[in-house]
Amino acid sequence: MNTSGRLYRILRFDRAVQLFEKGELHFAHPSTWSDPYEVSLVHASSKQLFGQCWCTKGVSDAMWRIYSPDHLGVRISTSIKLLRLGLDQAVRRHNWSFRAEPVKYLSQYNITQEMRKIKADLSNSFRIERANDALFMKRDSFDHESEYRVIVTVPESTEEQVRKGLKVAVDPYKLIDSILLDPRAPDELSAALTYYFKEKVGFKKRVQKSVLYRAPTQVVVE
């Protein structure tokens, strides 16, 4: 369990550009996610829900390999407090709502059982809050993600938003407190990306290449 309240997210470079140049966070509709269990619960309000995933683990080889396959990924970091503050200000302007909390990792059997309970509750009395419980559970085979998830509910969502995703306005200079570049990126690429964030968009906080793969000092035994 994350006790420091730190959150991390590896973005494609174009998503990072969108964040800093347009002041927007991208939220995807769960139907576009790869895990079919994410959309195993379907209901009348399903199209109103948009999600974004953060990680509570700051250093993860697996996350770099999954979310930065071309070595162009950018890891942004923030805190739970700053994320919730930024989202609260954004959704209030649109009469949206959001829920943010850690994902629970369960066995496939237990998830099936929980889904049945949610379905029974919704059949008796539909509540969007109860329906959203289904989006805060994942199979334990995904626990390497150490995920903290945000779900935004948009009552008047459009089909275009479902297809293309939801844009939520935030101030990236208040939200983000550091940027880490892919540890496998060539030095020339790291320098170019650092220049972009420092000079082009004026991000004054820490920007550096991850040292995950930096060779340690050798210990020689004679």
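Give me a count of the residues in region 87-121 that are touching a helix residue (DSSP H, G or I) at 6+ places or on another chain (Cβ under 7 Å) and not in a helix (DSSP H, G or I).
Residues flagged as touching a helix residue (DSSP H, G or I) at 6+ places or on another chain (Cβ under 7 Å) and not in a helix (DSSP H, G or I) within region 87-121 amount to 10.
Scan region 175-201 residue by residue and report those that are small (Gly, Ala, Ser) and touching a helix residue (DSSP H, G or I) at 6+ places or on another chain (Cβ under 8 Å).
Result: Ala185, single match.
Being in contact (Cβ under 8 Å) with a residue 40 or more places away in the chain and not aliphatic (A, V, I, L, M) is the filter; apply it to region 76-88 and report the residue that is most open to solvent (accessible area, probe 1.4 Å).
Across region 76-88, the extreme among qualifying residues is Lys81.
From Phe136, Phe126, grab the single residue that is open to solvent by 20 Å² or more (accessible area, probe 1.4 Å), out of contact with any Ser or Thr (no Cβ under 7 Å at 6 or more places or on another chain) and of a type in the set (Phe, Trp, Tyr).
That would be Phe126, the only listed residue that is open to solvent by 20 Å² or more (accessible area, probe 1.4 Å), out of contact with any Ser or Thr (no Cβ under 7 Å at 6 or more places or on another chain) and of a type in the set (Phe, Trp, Tyr).
Tally time: how many residues in region 32-89 are hydroxyl-bearing (Ser, Thr, Tyr) and within 22 Å of Ile128 (Cβ to Cβ)? Give the derivation first.
In the first step, residues of region 32-89 are kept if they are hydroxyl-bearing (Ser, Thr, Tyr); the result is 32, 34, 37, 40, 45-46, 56, 60, 67-68, 77-79.
Subsequent filtering for residues that are within 22 Å of Ile128 (Cβ to Cβ) retains 32, 37, 40, 45-46.
Qualifying residue count for the region: 5.
So which pairs qualify, if the first residue must be in region 159-181 and open to solvent by 70 Å² or more (accessible area, probe 1.4 Å), the second must be of a type in the set (D, E, K, R), the Cβ gap must be under 9 Å, and the two must be at least 6 apart or on different chains?
Taking only residues 6 or more apart or on different chains, the pairs are Glu159/Lys47; Lys167/Lys22; Lys167/Glu24; Tyr173/Lys204; Tyr173/Lys205.
Can you find even one residue in region 140-149 that is in contact (Cβ under 8 Å) with a residue 24 or more places away in the chain, of a type in the set (Phe, Trp, Tyr), crowded, with 16+ Cβ neighbours inside 10 Å and more than 24 Å from Tyr8 (Cβ to Cβ)?
No, because not a single residue in region 140-149 is in contact (Cβ under 8 Å) with a residue 24 or more places away in the chain, of a type in the set (Phe, Trp, Tyr), crowded, with 16+ Cβ neighbours inside 10 Å and more than 24 Å from Tyr8 (Cβ to Cβ).
Would you check which residues across region 153-204 are within 23 Å of Tyr67 (Cβ to Cβ) and among the β-branched types (Val, Ile, Thr) and list them?
Scanning region 153-204 gives Val162, Val168, Val170, Ile176, Ile179, Thr194, Val201.
Failed condition for Phe98, given (1) at pLDDT 95 or above; (2) open to solvent by less than 10 Å² (accessible area, probe 1.4 Å), with all others met?
Answer for Phe98: the failing condition is (2).
The values are calculated or read from the model by the stated rules, or taken from the named source; none is laboratory data. Please read all numbers here as calculations on a predicted model, not as lab measurements. Methodologically, a virtual Cβ is constructed for each residue, glycine included, from the backbone with ideal geometry; neighbour enumeration extends over all protein chains shown. Accessible surface areas use protein heavy atoms only, side chains included; no ligands, DNA or RNA. Shrake-Rupley method; radii C 1.70, N 1.55, O 1.52, S 1.80 Å.
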